[in-house]
């Protein structure tokens, strides 16, 4: 989520603009979901976005245990033409 937050900040938004999460957990880590839940509760303590959780056989790299996709609605940027 640090990457998501950094990207949103660079575009004039923040995590409060996130409206949807897709969380992919590698099969190996399916029983470690509580750690993810706690991390999300820290980031979205007031109004968590909708989320879809998927257990997948594996991710692109064997050491990866989780992948998160985030969709956000950002304010219009005056500098974009």
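Of everything in the stretch 15-58 that is touching a strand residue (DSSP E or B) at 6+ places or on another chain (Cβ under 9 Å) and in a loop (DSSP other than H, G, I, E, B), the residue that is surrounded by the fewest Cβ atoms within 10 Å (Cβ to Cβ) is 57.
Inspect the stretch 26-47 for any residue being farther than 28 Å from residue 74 by Cα and touching a helix residue (DSSP H, G or I) at 6+ places or on another chain (Cβ under 8 Å) and give the result as yes or no. The answer is no, given that none of the residues of the stretch 26-47 is farther than 28 Å from residue 74 by Cα and touching a helix residue (DSSP H, G or I) at 6+ places or on another chain (Cβ under 8 Å).
Since every read-out is calculated from the coordinates, none of them should be taken as a lab result. Just so it is clear, the model here is predicted, and its values are computed rather than measured. Positions of Cβ are generated from backbone atoms using ideal geometry, with glycine treated the same way; all protein chains shown enter the neighbour counts.
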